[in-house]
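The values are calculated or read from the model by the stated rules, or taken from the named source; none is laboratory data. These numbers were taken from a predicted model, which means no experiment stands behind them. All Cβ positions, even for glycine, are placed from backbone atoms using ideal geometry, and neighbour counts span all protein chains on display. Remember, those area values only see protein heavy atoms, side chains included, never the ligands or the DNA or RNA. Shrake-Rupley method; radii C 1.70, N 1.55, O 1.52, S 1.80 Å.
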Amino acid sequence: MKAQRVSLWFLGTMFFLCSVHTRGLRRCLISMDMHHIEESFREIKGAIQAKDIFQNVTILSTLEILRSVKPLDVCCMTTNLLAFYVDRVFKDHQELNPQILRKISSIANSFLYMQKALQQCQEQRLCHCGQEATNATRIIHNNYNQLEVQSAALKSLGELDVFLAWVHKNHQGASTA
C-alpha cells in the first residue's frame, strides 16, 4: 500500500513537472507565419541549389544532427541556428541576382524577428542549452568551416529547407501558417 502511494506521488510529481516544463517551452515558441519564409525559400531553392558544386556534402547533415536535440533544448538550438544563419550564412553569401537577393533579405529579416522573440526566453532563462544542442551547433559550424566561405554559405542556403522543416516540426504549436 505504501509503495502504491509513493508510486502515485512520484507519478503525480512527474506529471506536474512535465506540464510546468511544457508551459515554459510554449512561451518560447516562435509565433510567426512560417509559410511566408517557406514560400520565399521555395521560390529561390532551385537557383541556389543549382550553383552548389558540392552535392555530396552537407552542413546540417539532413536532419540527423537536429534529431538528436532533446525537446528541452529546442529553444537553444533554434536560437543557435538562427544566429548561424544571420551572423554567418546571410553575411557570407554574395548574390548578384536582385530577385534572389530580395528573397534572401526577406528570409533574413524574418530570422531577425524570430531571434528577437527568442531573446525574451533567454532573458527569462527559459532557453536551456544542453550538451546535445551544444554538440549539434559545434558540428554544424565545423561542417561550415570545412568549405570555402562562399561554398559553405551557398550550401547552407540550399539546406535552409532542412532547418525550416525542423522549426516547423518543433514550433508548430505557435506557428500561424
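Across segment 62-81, which residue is surrounded by the most Cβ atoms within 10 Å (Cβ to Cβ) among those that are within 18 Å of LEU164 (Cβ to Cβ) and of a type in the set (A, V, I, L, M)?
For segment 62-81, the residue satisfying everything is MET77.
On the basis of being open to solvent by 20 Å² or more (accessible area, probe 1.4 Å) and touching an Asp or Glu at 6+ places or on another chain (Cβ under 7 Å), does HIS128 make the cut?
yes
Criterion first (open to solvent by less than 70 Å² (accessible area, probe 1.4 Å) and part of a helix (DSSP H, G or I)) does ILE59 satisfy it? Full working, then the answer.
Numbers: open to solvent by less than 70 Å² (accessible area, probe 1.4 Å): yes; part of a helix (DSSP H, G or I): no.
No, not satisfied.
For every residue, the table says whether it meets (1) under 17 Å from LEU157 (Cβ atoms); (2) modelled with pLDDT of 85 or more.
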residue	(1), (2)
SER19	no, no
LEU25	no, no
SER40	yes, yes
ILE59	yes, yes
VAL69	no, yes
CYS75	no, yes
LEU82	yes, yes
VAL86	yes, yes
ASP92	yes, yes
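Which one of the conditions (1) within 11 Å of the chain's Cα centre (by Cα); (2) open to solvent by 10 Å² or more (accessible area, probe 1.4 Å); (3) under 25 Å from ASP33 (Cβ atoms) does PHE84 fail to meet, given that it meets all the rest?
PHE84 satisfies all of (1) within 11 Å of the chain's Cα centre (by Cα); (2) open to solvent by 10 Å² or more (accessible area, probe 1.4 Å); (3) under 25 Å from ASP33 (Cβ atoms) except (2).
Which residue pairs have Cβ atoms under 7 Å apart, sit 6 or more places apart or on different chains, and have a first residue in segment 142-169 that is of a type in the set (Lys, Arg) and a second that is surrounded by fewer than 20 Cβ atoms within 10 Å (Cβ to Cβ)?
LYS155/ASP52; LYS155/PHE54; LYS155/VAL57; LYS155/LEU147
Quick grid of which residues meet (1) out of contact with any Leu (no Cβ under 7 Å at 6 or more places or on another chain); (2) of a type outside the set (S, T, N, Q); (3) in contact (Cβ under 8 Å) with a residue 12 or more places away in the chain:
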{"position": "ASN80", "(1), (2), (3)": "yes, no, yes"}
{"position": "TYR85", "(1), (2), (3)": "yes, yes, yes"}
{"position": "ARG88", "(1), (2), (3)": "yes, yes, yes"}
{"position": "ASN97", "(1), (2), (3)": "yes, no, yes"}
{"position": "ILE100", "(1), (2), (3)": "yes, yes, yes"}
{"position": "SER106", "(1), (2), (3)": "yes, no, yes"}
{"position": "ASN109", "(1), (2), (3)": "yes, no, no"}
{"position": "MET114", "(1), (2), (3)": "no, yes, yes"}
{"position": "ALA117", "(1), (2), (3)": "yes, yes, yes"}
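Could you check ILE104 against (1) buried (at least 19 other Cβ atoms within 10 Å of the Cβ); (2) in contact with a helix residue (DSSP H, G or I) (Cβ under 6 Å, 6 or more places away or on another chain); (3) β-branched (Val, Ile, Thr); (4) closer than 24 Å to ALA47 by Cβ and say which number it fails?
All conditions are met except number (2).
Given the options GLN120, GLN115, name the one that is over 25 Å from ASN145 (Cβ atoms), open to solvent by 30 Å² or more (accessible area, probe 1.4 Å) and not charged (D, E, K, R).
On the way: GLN115 fails: over 25 Å from ASN145 (Cβ atoms).
When all the criteria are applied, what remains is GLN120.
Pick from GLN115, GLN122, GLN94: which is assigned to a helix (DSSP H, G or I) and over 14 Å from the mean Cα position of the chain (by Cα)? Full working, then the answer.
Numbers: GLN115 fails: over 14 Å from the mean Cα position of the chain (by Cα); GLN94 fails: assigned to a helix (DSSP H, G or I).
Sole residue among the options that is assigned to a helix (DSSP H, G or I) and over 14 Å from the mean Cα position of the chain (by Cα): GLN122.
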